[in-house]
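Taking it in order: structure first as structure tokens, then the write-up.
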Amino acid sequence: MTAKRSTLKRKHLLGMAELSRTDITQILETAASIREINYRDIKKVPTLRGKTIINLFFENSTRTRTSFELAGKRMSADVVNISVASSSVAKGETLIDTMITLQAMNPDVVVVRHAEPGVHALLARHVDTAVVNAGDGGHEHPTQSLLDMLTIEDNLHRLNRKNFEGLVVAICGDVLHSRVARSNAIGLRTMGAQVRLVGPPTLMPRFAEEALGAPVFYDLDEGLAGAQVVMVLRLQLERMHAAFIPSVREYFKFWGLSRRRLACAAPGALVMHPGPVNRGVEISSELTDDPERTVILDQVANGLAIRMAVLYRLCSGRVVVEKEQMTTDATLKGEGP
Amino acid sequence: MDAMTQLHEEIVMTADAVRQAVDRLAQHIQADVTQPQNWVVIGIRRGGAVVARLLRDRLTQLRGITLPIGYLDITFYRDDLDTVGPNPLVGATDLAMDIDDKHIILVDDVLFTGRTIRAALNALFDFGRPEGVSLAILVDRGHRQLPIQPDYVAETLETQRRESIKLVEKGTGEFVVVRRLRA
């Protein structure tokens, strides 16, 4: 076994910023091998038998929570879902107390979604349990970025590419509120892609170019020119507490992706969307349903494989904690078990 | 691979010896194949996949029939999740054929503790209910920890527990068996 050195010594997945190119490549490879399990008649392997995974979601989520839940169950882990409305958080418990309480029941992984950026890093400092970031406000959503990269990788042949090096990816729309945009900009750049951020000034974070190392375009057609992958972001109306856009109809007129606008991008460009889709707002209904160009459902399918790969990675191997330093006790194996 | 483990490396089966061993396996197996339409060759990744492919090719030459071939990766069925290391490599399982009521020739390069075979049998039964399974092994190196015995063995080798015996590629398409002393 060729054990490549990995920077992921700590058993958490907090964000794309902490993953090296080797880490990302390994996760994508594992997920690509895992995928086949989801198409068997018996969609279950015994890998995580006896492991406990807690999904702790402080924000609403259907696809991500279901995806993590199925990922755990298909690998035979026991999965518990905690939604905040029914939890003791509603009774005034602090976040860290909630986490310490859950840890006392000795779970192996806690998957957390929270509206506050950086919550996971805080939790990871307070507990030994592996923490997975399933979205923290406008900060990061690493598994979404990984599933997007797996989907791009599947389509590289279509784009006449062997790898991510030099691939032009336009991330378009509400960049300001989007953790998906942030994680993807970071992760794709780690893999060598050229990332562009495209959107109206009101929905573009300040210093985006400096912080993410990606050029900013304030015109959709210009931003799309030559792009091989177009990631359309959801207009996050629920996070908008000020007048960011004049109206939804005007937004579509200037920023909505349609077949006509897509003609500015490279021929055969791939269209992606993290979902849920606002049809007729950030993307036309017609383009959403075009299987030749749009890979939204492949993204969902790949999300399951990515989460299985991430849970597997976090549950395998023994982590030895020595004072401040965490090292991994990896035995170099000969010929398997 | 560590520099430490490469220091004590010795070839115990040359490419020719491997070819002859595969040939012996094929000769033994083909005598038992009465209904070839029911037989399927399945190799365990990664070494077993190579042996399975060589074996299938040899059986094709001997009998003029091409048996279907599949590959199993047993990583997700291992019993040592806690010791596999932080970033285990996983190969793809590729079983395109229906294995219900088929006779499976399960192929691996080296038989050691028997745990890989236990995992492979579990994996196999998640895909269907074969009529029977025979185990074909290139090298039996002993030290079994489970009650598992091969049906076809090409070579047996006296080994120390802490040695590693592996099928490795030397040059394109040439495979040798090496013995390494684990540091």
Condition broken by A:A17, with the remaining ones in (1) in contact (Cβ under 8 Å) with a residue 12 or more places away in the chain; (2) closer than 15 Å to A:L123 by Cβ; (3) surrounded by fewer than 14 Cβ atoms within 10 Å (Cβ to Cβ) satisfied: (2)
For the condition in contact with a Lys or Arg (Cβ under 7 Å, 6 or more places away or on another chain) and either of a type in the set (S, T, N, Q) or farther than 30 Å from A:A211 by Cβ (or both), what is the one hit in A:N133, A:N106, A:N81, A:N155? A:N81
Which of the numbered conditions does B:T113 fail, given that it passes all the others? Conditions: (1) at the interface with chain A (Cβ under 10 Å from one of its Cβ atoms); (2) over 21 Å from B:Y71 (Cα atoms); (3) in contact with a His (Cβ under 9 Å, 6 or more places away or on another chain). (2)
For residues in region B:34-75 being assigned to a loop (DSSP other than H, G, I, E, B) and closer than 27 Å to B:R115 by Cα, which is most open to solvent (accessible area, probe 1.4 Å)? B:R46
Residue hits (region A:137-156; under 20 Å from A:D174 (Cα atoms) and outside any helix (DSSP H, G or I)) are A:G137, A:G138, A:H139, A:E140, A:H141
Residue among A:R63, A:R35 that is within 30 Å of A:G192 (Cα to Cα), touching a residue at least 12 places away in the same chain (Cβ under 8 Å) and more than 14 Å from chain B (Cβ to nearest Cβ): A:R63
Would you check if A:N133 is touching a His at 6+ places or on another chain (Cβ under 8 Å), part of a strand (DSSP E or B) and crowded, with 21+ Cβ neighbours inside 10 Å? yes
What number of residues within region A:276-299 satisfy the criterion of being closer than 13 Å to A:N155 by Cβ, in a loop (DSSP other than H, G, I, E, B) and touching a residue at least 60 places away in the same chain (Cβ under 8 Å)? 1
Just the residues that are charged (D, E, K, R) and buried (at least 24 other Cβ atoms within 10 Å of the Cβ), please, taken from region A:136-159. A:D136, A:E140, A:D148
So A:R196, is it more than 25 Å from A:V248 (Cα to Cα), basic (K, R) and open to solvent by 10 Å² or more (accessible area, probe 1.4 Å): no
Restricting the search to region B:132-170, which residues are touching a residue at least 40 places away in the same chain (Cβ under 8 Å) and more than 17 Å from the chain's Cα centre (by Cα)? B:K170
Tally of residues being in contact (Cβ under 8 Å) with a residue 40 or more places away in the chain and crowded, with 21+ Cβ neighbours inside 10 Å across region A:252-270: 5
Scan region B:141-164 and tell me whether some residue there is at the interface with another protein chain (Cβ under 9 Å from one of its Cβ atoms) and of a type in the set (V, I, T). no
Regarding region A:226-234, can at least one residue be identified that is farther than 16 Å from A:T202 by Cα, open to solvent by 60 Å² or more (accessible area, probe 1.4 Å) and not hydroxyl-bearing (S, T, Y)? no
Looking for whichever is at pLDDT below 95, closer than 30 Å to B:T113 by Cβ and surrounded by fewer than 20 Cβ atoms within 10 Å (Cβ to Cβ) here; the options are A:G334, A:G275. Which one fits? A:G334
Quick check on A:V79: is it at pLDDT 90 or above, of a type in the set (A, V, I, L, M), buried (at least 16 other Cβ atoms within 10 Å of the Cβ) and in contact with a strand residue (DSSP E or B) (Cβ under 8 Å, 6 or more places away or on another chain)? yes
What number of residues within region B:165-183 satisfy the criterion of being open to solvent by 50 Å² or more (accessible area, probe 1.4 Å) and facing chain A (nearest Cβ under 10 Å)? 2
Here the residues within region A:42-60 that are more than 24 Å from A:G275 (Cα to Cα) and more than 8 Å from every other protein chain (Cβ to nearest Cβ) are A:K43, A:R49, A:G50, A:K51, A:T52, A:I53
Being closer than 25 Å to A:M16 by Cβ and loosely packed, with under 14 Cβ neighbours inside 10 Å: is that true of A:G223 here? no
Looking only at region B:114-131, which residues are in contact (Cβ under 8 Å) with a residue 24 or more places away in the chain and either surrounded by 18 or more Cβ atoms within 10 Å (Cβ to Cβ) or outside any loop (DSSP other than H, G, I, E, B) (or both)? B:G114, B:R115, B:T116, B:I117, B:R118, B:A119, B:A120, B:N122, B:A123, B:L124, B:F127, B:P130
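For every residue, the table says whether it meets (1) at pLDDT 95 or above; (2) touching a helix residue (DSSP H, G or I) at 6+ places or on another chain (Cβ under 7 Å); (3) farther than 19 Å from A:E238 by Cβ.
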| position | (1), (2), (3) |
| --- | --- |
| A:G138 | no, yes, no |
| A:R158 | no, no, yes |
| A:A181 | yes, no, no |
| A:L197 | yes, yes, yes |
| A:F217 | yes, yes, yes |
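The values are calculated or read from the model by the stated rules, or taken from the named source; none is laboratory data. Computed from a predicted model, the values in this text were never measured in an experiment. Using ideal geometry, Cβ is built from the backbone for each residue, glycine included, and neighbour counts are taken over all protein chains shown. With ligands, DNA and RNA removed, areas are computed over all heavy atoms of the protein, side chains included. Shrake-Rupley method; radii C 1.70, N 1.55, O 1.52, S 1.80 Å.
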